[in-house]
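Enquirer: Below are the structure tokens for one structure; questions will follow.
The values are calculated or read from the model by the stated rules, or taken from the named source; none is laboratory data. Source: prediction; values computed, not measured. Glycine gets a Cβ as well: all are built from the backbone with ideal geometry, and neighbour counts include every protein chain shown. These area figures cover heavy atoms from the full protein model, side chains too; ligands, DNA and RNA do not enter into them. Shrake-Rupley method; radii C 1.70, N 1.55, O 1.52, S 1.80 Å.
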Amino acid sequence: MNTHTFGISSSQSIINNWKTKPVINPKPRNQFQRILCFSSVKSPKLSDHRMQGFEFGANNRKRENRFSSKSVVESEGSSVVAERDSYFYDAIVIGSGVGGLVAATQLAVKGVKVLVLEKYVIPGGSSGFYQRDGFTFDVGSSVMFGFSDKSKLVFQLCPNDKGGYWIGLWLMKGNLNLITRALAAVGCKMQVIPDPTTVHFHLPNGLSVQVHREYSEFISELVGKFPHEKEGILKFYGVCWKIFNALNSLELKSLEEPIYLFGQFFKKPVECLTLAYYLPQNAGDIARKYIKDPELLSFIDAECFIVSTVNAMQTPMINASMVLCDRHFGGINYPVGGVGEIAKSLAKGLVNQGSEILYKANATSIIVEDGKAVGVKLSDGRQFYAKTVISNATRWDTFGKLLKREELPEEEKRFQKAYVKAPSFLSIHMGVKADVLPPYTDCHHFVLEDDWKNLEDPYGSVFLSIPTILDKSLAPEGNHILHIFTTSSIEDWEGLSRKDYEAKKELVAEKLINRLEKKLFPGLKSSIVFKEVGTPKTHRRYLARDSGTYGPMPRTIPKGLLGMPFNTTAINGLYCVGDSCFPGQGVIAVAFSGVMCAHRVAADLGFEKKNPVLDTALLQLLGWLRTLA
Ligand SMILES: NC(=O)c1ccc[n+]([C@@H]2O[C@H](COP(=O)([O-])OP(=O)(O)OC[C@H]3O[C@@H](n4cnc5c(N)ncnc54)[C@H](O)[C@@H]3O)[C@@H](O)[C@H]2O)c1
Ligand SMILES: CC(C)=CCC/C(C)=C/C=C/C(C)=C/C=C/C(C)=C/C=C/C=C(C)/C=C/C=C(C)/C=C/C=C(\C)CCC=C(C)C
């Protein structure tokens, strides 16, 4: 085997080798062979690795993790010549959602040897795709933040402390285009299509608001609907810009790594103090400082709900600012070929960096020895070992299923006390005849027809994405894709017979389609050429997310982002990445979580600077801060 060929094929060929030339009851003579014996042998101990020359730390950065061995494996009564490559990784990532892939690629470019284990047949998780009858459907959201590639001259009216304004004008390059950056890190650049309107809101009392790409156009439209609240609107969105600009100016790395964090405070004290000030605050409180009109406050709730599945009072101000400004700063950009292309490119980039991804690899447990995570066991019995394990599964899946422990660590108990699983989605992927859409239809819509009270209720509001407005190549000629989704809980779909389940899917889908037919597209029903309905059970099954959840949702009013856990966990060597880590749900949010996780793991592996004394102090401080949330 060519030792320079990595990737799915190389991993799979090893596994196939084992299938075709089984070693009977192997008694490995040395550690390298033990690692090879995937399932039936005891896992390696750290002390053993050291004895074999596996030194951890900066001095060992360039050493090869892959060992070729031609050796005689002796077993009772038989000896078999085994020519195999032995593997031992720096990091194993469970799951190839954007969170997992960004963590993996960021590590790989630092020279870390990574293995990604993905349960499904393609990468991406919620940001994956599937194809049917010539249509390419995005599994989840089609609204991509953090996907721009340009500097911008920013001109803003900002409120000052004395109730007046100051005018800001500056050229910003920005660090928040995290998806673009993650791709660039592994040498990928994708063609994107700018979306002129982030979302078109269709709200109670006939309130219709288009969120234009240009900030000034959006503000004029909103002020046009609420002229008496002009000042409040400018002040609220002005605070959002203040936070966004602070975020955008920082180099974004792990907030759990003290050398970086203190360095940022030293270089950008005002920006860091701004972020520290807003970290425990929520968007609803800030909005109420400046805005009094209840309908406008409900609009701000809807603005937050579409990205956090909760109202503004429960949405951290930093997260709200991030999305409410990035859509005007870098703008929303759609990748040519569909959202799935992002994960495909990252996975390809990962392999090009010499790391690996293995599909149909369903992790069933994280192997812990002497209190340290040392490997992962798959449902087919294979075992893989590494110095660190990163879980891109949700924290509920990681601590409830992958770790076979009776007692939840205190930190996780606190997390589960503060956050509950957000509901899942009922989603309809449809192909329709193109002529059912009126000219100039926007790509994304949010519909809540009658009563603001229904905003957060299951099936209350409807999300609609029509990605073919931007990229026609996703559907056969003369057709469009409609992705309709609404919040729905798993409890609603359990305990039904197959027949009742199918009937309920049809019924719920029909109601949603009727609503859109009435509100937006007359004749919608008769224009359908393809329809597939997914429930929370579908999300659970294909995305391996407990209850099909969309991510964590605060149980009560949170202290902004203060209570969100970062990437380290109570288990030595185990890290989490994805939407149940800081800063939460969203593709760009999980990309940031991936960047943070990779930085912390790289420091722990000796690929980045680290100071153990400061580490302990900062991790304790952050743990204590979370107890205040
Ligand atoms: N309908 C939607 O719009 C929708 C739904 C859900 C999530 N999302 C978005 O995606 C974000 C989540 O991204 P993420 O990176 O955190 O996670 P993700 O759910 O996208 O990816 C996790 C990946 O891990 C894999 N996985 C999970 N358990 C595994 C196991 N035991 N063994 C092997 N593989 C396993 C899954 O197959 C999946 O590919 C959310 O915050 C949200 O914004 C969107
Ligand atoms: C550490 C301490 C304590 C302190 C210090 C201070 C500081 C320095 C701080 C800092 C901080 C930071 C850096 C932070 C960061 C953050 C971030 C980046 C965030 C982000 C976020 C994001 C988000 C949230 C996003 C989201 C999104 C989403 C979810 C989306 C979605 C979408 C959808 C669903 C679609 C819709 C559709 C329709 C309408 C159709």
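Enquirer: List the strands (runs of 3 or more DSSP E) inside the range 379-473, counting only whole elements, that have at least 3 residues being farther than 30 Å from residue 629 by Cβ.
Expert: 383-391, 424-433, 444-447, 462-465
Enquirer: Then there's this: Considering only residues that are closer than 13 Å to residue 124 by Cβ and of a type in the set (Val, Ile, Thr), look in the range 325-344 and name the one that is surrounded by the fewest Cβ atoms within 10 Å (Cβ to Cβ).
Expert: 339
Enquirer: Given the range 528-629, what strands (runs of 3 or more DSSP E) lie entirely inside it while holding 1 or more residues that are closer than 21 Å to residue 119 by Cβ and among the aliphatic types (A, V, I, L, M)?
Expert: Numbers: elements: 528-534, 552-554, 574-576.
Qualifying strands (runs of 3 or more DSSP E): 574-576.
Enquirer: Now, a different point. Being in contact (Cβ under 8 Å) with a residue 40 or more places away in the chain, within 11 Å of ligand 1 (Cβ to nearest atom), crowded, with 22+ Cβ neighbours inside 10 Å and within 27 Å of residue 458 (Cα to Cα) is the requirement here; does residue 535 meet it?
Expert: Spelling it out, it is not the case that residue 535 is in contact (Cβ under 8 Å) with a residue 40 or more places away in the chain, within 11 Å of ligand 1 (Cβ to nearest atom), crowded, with 22+ Cβ neighbours inside 10 Å and within 27 Å of residue 458 (Cα to Cα).
Enquirer: A follow-up question, please. Go through the range 131-143 and give me each residue that's outside any loop (DSSP other than H, G, I, E, B) and open to solvent by 40 Å² or more (accessible area, probe 1.4 Å).
Expert: Of everything in the range 131-143, those that are outside any loop (DSSP other than H, G, I, E, B) and open to solvent by 40 Å² or more (accessible area, probe 1.4 Å) turn out to be 131, 132.
Enquirer: Given the conditions (1) within 23 Å of residue 421 (Cα to Cα); (2) crowded, with 21+ Cβ neighbours inside 10 Å; (3) of a type outside the set (A, V, I, L, M, F, W, C), report the number of the one that residue 445 does not fulfil.
Expert: That leaves (1) as the condition not met.
Enquirer: Quick one: what pairs do we get from the range 380-406, first residue at positive phi, second of a type in the set (Gly, Ala, Ser) and away from ligand 1 (no atom under 12 Å from the Cβ), C-beta under 7 Å, 6+ apart or different chains?
Expert: Filtered contacts from the range 380-406: 381/39.
Enquirer: Within the range 248-265, identify whether any single residue is over 22 Å from residue 587 (Cα atoms), among the aliphatic types (A, V, I, L, M) and crowded, with 21+ Cβ neighbours inside 10 Å, and answer yes or no.
Expert: No: zero hits.
Enquirer: Kindly indicate whether residue 499 is out of contact with any strand residue (DSSP E or B) (no Cβ under 7 Å at 6 or more places or on another chain) and free of Cβ contacts under 8 Å to residues at least 24 places away in the same chain.
Expert: yes
Enquirer: Out of 394, 398, 388, report the one residue that is within 16 Å of ligand 2 (Cβ to nearest atom) and either under 14 Å from residue 577 (Cβ atoms) or in contact with a Lys or Arg (Cβ under 8 Å, 6 or more places away or on another chain) (or both).
Expert: Exactly one of 394, 398, 388 is within 16 Å of ligand 2 (Cβ to nearest atom) and either under 14 Å from residue 577 (Cβ atoms) or in contact with a Lys or Arg (Cβ under 8 Å, 6 or more places away or on another chain) (or both), namely 394.
Enquirer: I need the full set of residues from the range 294-318 which are surrounded by fewer than 24 Cβ atoms within 10 Å (Cβ to Cβ), at pLDDT 95 or above, of a type in the set (S, T, N, Q) and closer than 27 Å to residue 274 by Cβ, in order please.
Expert: Of everything in the range 294-318, those that are surrounded by fewer than 24 Cβ atoms within 10 Å (Cβ to Cβ), at pLDDT 95 or above, of a type in the set (S, T, N, Q) and closer than 27 Å to residue 274 by Cβ turn out to be 311, 314.
Enquirer: Determine, yes or no, whether residue 322 is on the phi < 0 side of the Ramachandran plot, part of a helix (DSSP H, G or I), surrounded by fewer than 21 Cβ atoms within 10 Å (Cβ to Cβ) and modelled with pLDDT of 95 or more.
Expert: The answer is no for residue 322.
Enquirer: Please work out if residue 347 is at pLDDT 95 or above, under 30 Å from residue 192 (Cα atoms) and buried (at least 24 other Cβ atoms within 10 Å of the Cβ). Don't jump to the end; show me each part of the working.
Expert: Values: at pLDDT 95 or above: yes; under 30 Å from residue 192 (Cα atoms): yes; buried (at least 24 other Cβ atoms within 10 Å of the Cβ): yes.
Against the criterion (at pLDDT 95 or above, under 30 Å from residue 192 (Cα atoms) and buried (at least 24 other Cβ atoms within 10 Å of the Cβ)), residue 347 qualifies.
The rows are residues; the columns are (1) modelled with pLDDT of 95 or more; (2) within 11 Å of ligand 2 (Cβ to nearest atom).
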| site | (1), (2) |
| --- | --- |
| 551 | no, yes |
| 563 | no, no |
| 568 | yes, no |
| 575 | yes, no |
| 591 | yes, yes |
